[in-house]
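Laboratory data are not the source of any read-out in this text; all were calculated from the coordinates shown. None of these values were measured; they are calculated from a predicted model. For neighbour counting, all protein chains shown are included, and Cβ atoms are generated from backbone atoms with ideal geometry for every residue, glycine included.
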Amino acid sequence: MANFGRNDEVIAGENSRISAGTTIKGEIKTPTDIKIDGTFEGKVTSDAKVTIGENAVIKGDIVCNDADLWGQVNGNLYVKDTLSLKDTCVVEGDLHIRRLSVELDAKFNGNCKMITEADFQALTAGDQPAMYDVPEPEEPKYDDSYTVGGPSAGSPFSVPAEEEIPEA
């Protein structure tokens, strides 16, 4: 009996919950809905719906099918279908979503990109998902041009030819 009596089947209607007053750091992966009312630092991944309660504080990315946010999130959201920003939420981060619903007093500071289901799969699939790809920094571009004396004058530090020196 290798699983020690555990039943890993997902039961319909089963939910996970982090209660108010609870603080967790790490990574959560769940096939079911999850409601977070406490404080969580890390990555949340759900194959279903993520609900962030009014007093919840999340520091990290959220990847899910749907999300309802009432609390505070400081991280990026990758939502396969619908994200609902409720009137008490505060979001600092980028949204990658298919559909968006925003209530009147919701606060959001970041970028929003509307994606397709295929985009979602590309962003979140694999050992190192594309959402964590870091672009190579660009080479700095220096402008070595100058305008002293016009383009044919040469360097401002060059010595003029003898015929260019005016007589006194």
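Quick look at the values:
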read-out	value
Taking region 15-125 and dividing mean pair separation by its residue count, relative contact order in percent (alpha carbons under 8 Å, at least six apart)	16
As computed over region 15-125, the Cα convex hull volume per residue (Å³)	77
Cross-link pairs beyond the 26 Å C-alpha cut-off, checked among Lys80/Lys107; Lys59/Lys113; Lys35/Lys59; Lys29/Lys86; Lys107/Lys141	Lys107/Lys141
Label-point separation, Asn109 to Glu41 (7 Å along Cα→Cβ), nm	2.0
